[in-house]
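All remarks here apply to the structure that follows.
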Amino acid sequence: MHLVPATDAQKVQRDALTFSEWGKLLTPEEYIVRELRLRSHPWALADMRTWLLCSDEGTVLASCETFRTDSFRRAPDGALLPGDSFAIASVFTEERLRGHGHATRLMDLLASELERQPRAHAALLFSDVGPRIYARSGYRELPAWDWHLPPSPGAPGEGVDSLLCASDLGPALDRMRRPELPFFFWPTPSQLDWHLERGRIYVDRLGCSLPESAGATVGASTALWGLVGRSAELTVLMFDARSPAEASALLEAARREARRSGLSRVVLWEEPGNASLLPLVAGASRVARDGSLPMVRPLRPDVHPPALLPVPRGLWV
Ligand SMILES: CC(C)(COP(=O)(O)OP(=O)(O)OC[C@H]1O[C@@H](n2cnc3c(N)ncnc32)[C@H](O)[C@@H]1OP(=O)(O)O)[C@@H](O)C(=O)NCCC(=O)NCCS
């Protein structure tokens, strides 16, 4: 068995098979168009690869995708040392081939391949099938809690300094504090826009409108959000609140944006940096996340992802 990068034709062949798993709300034709559109997004064009596990005869046994993601190690003097991490998505084995260890073999060969990349730091994935299968290949699970807030009436911009739009993603990310940790992942503006692109694909099917804002600022605090997939929710992608009052102001703006856009709720992933603020936000409730369990695996011996590594929703693939 061996691992190979997929050709464009092989990617489309996989799309036809993965439709049954990830094509909800779409026809098979629409799903193929969705996949081509997402693969044409600048972030995917630059940083996405599709991988195939093939038998010695060349039969495709399993597949997945990797998205290169920026990550940083902190030197003893505090300097940030950039490197490449890889977010893994769409691990898939055809139903008739399941239960023979193909996905596990794929993950093991992929880790060996990624370890050989010159700037490799770590691999990250979001499991929808629990931790066990990926733990076998060296991945460790991280906490996965969400905060839900209902929409609320009013003008989204009231109570914040500014509302942001998609062209503000870069400056907004620049305002945000990087984690004070020996290792962390950090998304690019293009990576965050890829999430908004998913929302642009689904909006017509959801009976809502695209949120006019992509986030807000208040004081030194910043949030980025959007419609990011096939759930009619306002999903917070990045959140850096410096005080309980500023956390509340940002989330109140998000709740109003959700109402204005016809979305059912605001969803924010808990991170170590916001965990103490969110219980103080009126109307917010904490729920165990359903799926998307973050799991991380170092790709070199001197990378030590902390037990409480922050994984904002903006890193999801
Ligand atoms: C998950 C999947 C990739 C596993 O492929 P596979 O080639 O059968 O994987 P392996 O043989 O290496 O491992 C199978 C293990 O996965 C587990 N598994 C498969 N689907 C699961 C699910 N929905 N929930 C929990 N565990 C699951 C099996 O129970 C088995 O565990 P065990 O060996 O401890 O008994 C395959 O079932 C699949 O394509 N599913 C649909 C797409 C999907 O959910 N992908 C994962 C996204 S994170």
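The values are calculated or read from the model by the stated rules, or taken from the named source; none is laboratory data. Predicted model, so just to flag it, every value in this text is computed and none were measured. Note that each Cβ is placed from the backbone with ideal geometry, even for glycine, and that neighbours are counted across all protein chains shown. With ligands, DNA and RNA removed, areas are computed over all heavy atoms of the protein, side chains included. Shrake-Rupley method; radii C 1.70, N 1.55, O 1.52, S 1.80 Å.
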Query raised in the report: Could you give the alpha-carbon Rg of the chain over 2.2 N^0.38 Å, rounded to two decimals?
Result: 1.00
Query raised in the report: In the stretch 214-287, which trypsin sites (Lys or Arg not before Pro) fall in coil by DSSP and have 15 or fewer other Cβ atoms within 10 Å?
Result: 242
Query raised in the report: So what is the accessible area of the stretch 145-288 per residue, in Å², with the probe set to 1.4 Å?
Result: 37
Query raised in the report: In whole Hz, what ³J(HN,Hα) sequence does the stretch 263-272 give by Karplus (6.51, -1.76, 1.60; θ = phi - 60°), x for Gly and Pro?
Result: 9, 7, 5, 9, 10, 10, 6, 6, 10, x
Query raised in the report: In square nanometres, what is the average projected area of the Cα convex hull of the stretch 223-309?
Result: 6.9
Query raised in the report: What is the pair-distance distribution P(r) of the stretch 145-288, computed from all Cα-Cα distances in 10 Å bins starting at 0, with each bin given as a whole percent?
Result: 13, 46, 36, 5, 0
Query raised in the report: Under the Kirkwood approximation applied to all pairs of distinct alpha-carbon atoms, what is the hydrodynamic radius of the stretch 42-126 in Å?
Result: 14.2
**Report entry** With every protein chain in place, the chain: carbon and sulfur % of accessible area (1.4 Å)
**Finding:** 54
Report summary line: Computed about the Cα centre, the charge dipole of the stretch 145-288 from +1 Lys/Arg and -1 Asp/Glu charges at the Cβ has a magnitude in debye, to the nearest 20, of 320
Query raised in the report: Just in the stretch 97-182: which chymotrypsin sites (Phe, Trp or Tyr not before Pro) are loop by DSSP and have at most 16 other Cβ atoms within 10 Å?
Result: none
Report summary line: Any trypsin sites (Lys or Arg not before Pro) in the stretch 1-83 that lie in a DSSP loop and have at most 15 other Cβ atoms within 10 Å would be 24
